[in-house]
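> Handing you a structure now.
Computed from the coordinates by the stated procedures, all read-outs in this text should not be read as laboratory data. Remember, predicted model here, so these are calculated numbers, not experimental data.
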Amino acid sequence: MSTKIRLAIFASGSGSNAEKIIDHFRQQQDIVIAKIWSNRSNAFVHERAKKLDVPSETFAKKDFKEKSFLQELKDVDYIILAGFLWLIPSYLVEAFPSKIINIHPALLPKFGGKGMYGSHVHEAVVRAGEVESGITIHLVNEEYDKGEILFQAKCEVRASDTPDDVAEKIHALEYEHFPKVIEDYIRSHKA
């Protein structure tokens, strides 16, 4: 019997992407969601985790920045960032080389970097008069949104679209593609 591949999801907010990932991997025998971690004790992702019977925990920034935090992840094979807003410390990037996957709500390299998340991204896209936006799924390195791009999907941005309209289109792309891209990447990198 093969060993299960264990994923940890890091999330800072409502956890809608985390829920889609959990639902997707419930149908897999060999890839499981080990735990959800959040930097916010009041993040709605904890409620989703409880409903889906996945353990969740909150961590403080001071703990996250310490290399000793690796002990918490000793049984984890991959880290998935699903709306997680903190920069990943270099010790974690080194401990999980090419095994931390993030999703960004724009077509990188445009509209990436510190402070570019959620509605800030969609507002910037509309303000810039872009005719398309999309999602970028990428590996994580020591810089915000600079890791190797694994996948992108696009959507049209109409002149009449508000940031909320763009957000709705982006969420649809995230839910459709993120879980499958994670699975495909993991399966193509199995030892």
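> Hey, what number do you get for the chain at 222 nm if only DSSP H runs of n ≥ 4 count, each worth -39500 (n - 2.57), divided across all residues, to the nearest 500? Please list the in-between numbers first.
Values: 6 runs with 64 residues, N = 191.
Mean residue ellipticity, 222 nm, calculated: -10000 deg cm²/dmol.
> Based on the Kirkwood radius over alpha-carbon pairs, what is the Stokes-Einstein translational diffusion coefficient of region 1-72 at 20 °C with 1.002 mPa s viscosity, in µm²/s? Spell out each step's value before the answer.
On the way: Rh = 12.8 Å.
The diffusion coefficient I find is 167 µm²/s.
> Another question, then. Can you give me the orientation-averaged projected area of the convex hull built on the Cα atoms of region 136-191, in nm²? Show your work: numbers first, answer last.
Details: hull surface 19.5 nm².
Orientation-averaged projected area of the Cα hull: 4.9 nm².
> Considering the values (1) 1.00; (2) 1.74; (3) 1.84, which represents Cα Rg over 2.2 N^0.38 Å as calculated for the structure under consideration?
For Cα Rg over 2.2 N^0.38 Å, the calculated option is (1).
> Can you tell me the length gained on complete extension of the stretch Ala172 to Glu123, counting 0.36 nm per residue apart and subtracting the Cα distance?
Values: separation 49, 0.36 × 49 = 17.64 nm, distance 1.76 nm.
Between Ala172 and Glu123, full extension yields 15.9 nm more.
> Return the tail of the calculated pair distribution for region 72-151, meaning the percent of Cα-Cα pairs more than 19 Å apart. Please report the intermediate quantities before stating the final value.
Working: 1123 of 3160 pairs.
Of all Cα-Cα distances in region 72-151, 36 percent exceed 19 Å.
> Here is the link list: Lys50/Lys110; Lys62/Lys169; Lys4/Lys65; Lys65/Lys169. Which ones come out longer than 32 Å on Cα distance? It would help to have the intermediate numbers written out before the result.
Values: Lys50/Lys110 36 Å; Lys62/Lys169 36 Å; Lys4/Lys65 28 Å; Lys65/Lys169 34 Å.
Lys50/Lys110; Lys62/Lys169; Lys65/Lys169, as the Cα separations exceed 32 Å there.
> Let me ask another. Report, in degrees rounded to the nearest 10, the 0 to 90 angle that the Cα long axis of helix 16-26 makes with the longest principal axis of the chain.
Once rounded, the angle reads 50 degrees.
> Let me ask you something else. Going Cα to Cα from Lys74, which aspartates and glutamates come in below 16 Å? Please leave out same-chain ones fewer than 8 positions away.
Glu57, Asp63, Glu66, Glu94
> Using only Cα atoms, tell me the angle between helix 163-188 and the longest principal axis of the chain; keep it within 0 to 90° and round to the nearest 10.
40
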